[in-house]
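We did not get these values from a lab; they are worked out from the coordinates using the rules stated. The model shown is predicted, which means the values in this text are computed figures rather than measured ones. Because the Cβ atoms are built from the backbone with ideal geometry, glycine has one as well, and the counts that use them run over all protein chains shown.
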Amino acid sequence: MKTNRILAGWLALLALATTLNAQPSILGANWTMATNAAPWNGQQGPGIVAFNGEIWKFGGLGISSFGSDVWSSSNGVAWTCVTNAAPWQPRTEMGALTYNGQMWVLGGYVTGGYPDSCNDVWSSPDGVNWTCVTHAAPWIPRHAFGAVVFNGQLWIMGGVSANQDDWTYNYNDVWSSPDGVNWTCVTNAAPWSARFGFQVAVFNNQIWVMGGNMWGTPLTNTEDVWSSPDGVNWICVTNAAPWAPRMIFGSAVLNNRLWVFGGNGSSGELNDVWSSPDGVNWICVTNAAAWIPRWEFGSVALNNQLWVLGGQGSSGGLLNDVWYSPSAISPLLSIASIGNQTALFWPAWATNCVLESTTNLSNPNWLAVTNGEPIIGVTVTNTSPAQFFRLQQN
C-alpha cells in the first residue's frame with residue numbers, strides 16, 4: 001500500500017486508559033508565514049516556478065509599473081535578487097515553467113495599450129542569462145493563459161488579449177512545442193469554453209483545466225474541471241466542483257492530489273483551500289487559511305509544502321508576504337484503552353486516512369488496520385507485545 005505522509009506519530013497501546021491531545025498540522029489547513037515582507041515589491045501576477053530546490057519569482061505588476069526582476073529563495077525567508085532587469089520585456093500574467101534544465105517565460109501582459117500582450121518565449125539556466133528562443137510564437141499574443149510541461153513538451157492554452165479596437169478575446173486553443181520554437185496547434189477549439197485566469201496542472205498522466213473566467217458582460221467565473229490525455233480529447237470531469245467559481249487563483253499538485261486555493265470569486269477575494277484525488281471529489285481543507293484573501297498571487301509546491309506568494313489582497317493592496325503549509329505533522333490520535341479493548345479516534349476532517357500498526361519500531365512492518373475508507377475511529381484488541389500505531393493519509 002502506497003502512503004504519502006504520516007498524519008500521526010506512533011503510540012504504544014497501554015493497559016491503562018490514556019488519551020492524546022495535540023495541535024494538528026494538516027497540509028493545506030495550517031499555514032506558516034515565512035515572511036511578512038519579502039524584499040521584492042508587492043506585485044500581482046508574477047511568474048513562479050520551483051527550480052533546483054528553490055522558489056523563483058519573475059516580474060509581475062506593481063503599483064505603477066511592470067517588472068522584469070528575478071528573485072530566488074530556498075526557504076521563502078531569505079531572497080536573492082538574481083537580476084533587477086531580465087532582457088525580456090517587463091510583464092505580468094505570463095507563463096512560467098521549468099523544462100529541459102531551464103526556466104522558461106512565455107507571453108504575458110506587457111502594457112496598458114494595444115496590443116496588450118506578447119507571444120515571445122525565453123529560457124534561462126540560471127535566471128541571469130536569458131535566451132530569446134523566439135520573438136513571435138505562432139500562437140496569438142495573450143496573458144492569463146495556461147502553461148504546463150507534459151509528455152516531454154511545452155504546452156500553452158487559453159488566455160485573453162485585446163487588440164487596437166479595445167475588443168477583448170478569450171481563447172480555448174491548445175499548442176505544444178518540443179523546444180519553444182516550433183509549435184503545433186493541437187486544437188483551435190477545445191470543448192471547454194474560451195477563458196482566462198484559469199489553472200492548469202499535470203496529474204495522473206493527464207492535463208487538467210480548472211475554473212477561470214469567460215470575459216464578457218458581466219464577467220463570468222466558472223468552477224468546471226476538465227482533463228485530457230493528449231490536449232485534443234477532453235473530458236468534463238465535473239461541470240460544478242464544490243468550490244466557488246473563481247479566477248486567477250492558486251493551484252498545485254502534491255501528495256497525489258489536485259489543490260485549488262484563493263482567487264477572485266463573485267463575492268470578492270478568497271482564502272479557502274480544496275483538494276481532490278480525482279478532480280471530481282473535492283474536500284474543503286479550510287474555508288479560511290491564515291493568509292488574507294487574495295488573487296493574482298504566486299503558488300507552487302516545493303519540499304512537500306504548498307506555497308503562497310504575494311498577489312493582490314482583499315483591500316486592494318499589493319502584497320509581498322510568503323506563506324507555506326508545513327509538511328511536519330503532529331499526532332492526531334485520541335486513544336482510550338479499557339480492559340482488553342482500545343478505541344482510537346481521529347478528527348473527521350482528517351479524511352482518507354489509513355490506520356497502520358506494527359509491533360517492532362526498530363524494524364517496522366506496517367500493516368493496515370483499516371481498509372482505507374474514510375472513517376474516524378476504530379476499535380482494536382490489545383495484544384502482547386504492545387502494538388504501535390500511525391495514522392496516514394492516502
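Checking ASN271, ASN221 one by one, the residue that is free of Cβ contacts under 8 Å to residues at least 24 places away in the same chain, part of a strand (DSSP E or B) and touching a strand residue (DSSP E or B) at 6+ places or on another chain (Cβ under 6 Å) is ASN271 and no other. The residues of segment 127-150 that are free of Cβ contacts under 8 Å to residues at least 40 places away in the same chain and more than 23 Å from GLY212 (Cβ to Cβ), listed by number, are ASN129, THR131, HIS135, ALA136.
Of a type in the set (A, V, I, L, M, F, W, C) and either more than 21 Å from THR187 (Cα to Cα) or in contact with a Lys or Arg (Cβ under 7 Å, 6 or more places away or on another chain) (or both): does that describe VAL149?
So VAL149 fails the test.
In segment 173-228, what residues are surrounded by fewer than 21 Cβ atoms within 10 Å (Cβ to Cβ), at positive phi and either hydrophobic (A, V, I, L, M, F, W, C) or within 16 Å of the chain's Cα centre (by Cα) (or both)? ASN204 - this is the single residue of segment 173-228 that is surrounded by fewer than 21 Cβ atoms within 10 Å (Cβ to Cβ), at positive phi and either hydrophobic (A, V, I, L, M, F, W, C) or within 16 Å of the chain's Cα centre (by Cα) (or both). Counting residues in segment 32-45 that are out of contact with any Lys or Arg (no Cβ under 7 Å at 6 or more places or on another chain), in a loop (DSSP other than H, G, I, E, B) and closer than 14 Å to ALA301 by Cα gives zero.
Here is the figure for segment 229-264: residues that are on the phi < 0 side of the Ramachandran plot and part of a strand (DSSP E or B) total 17.
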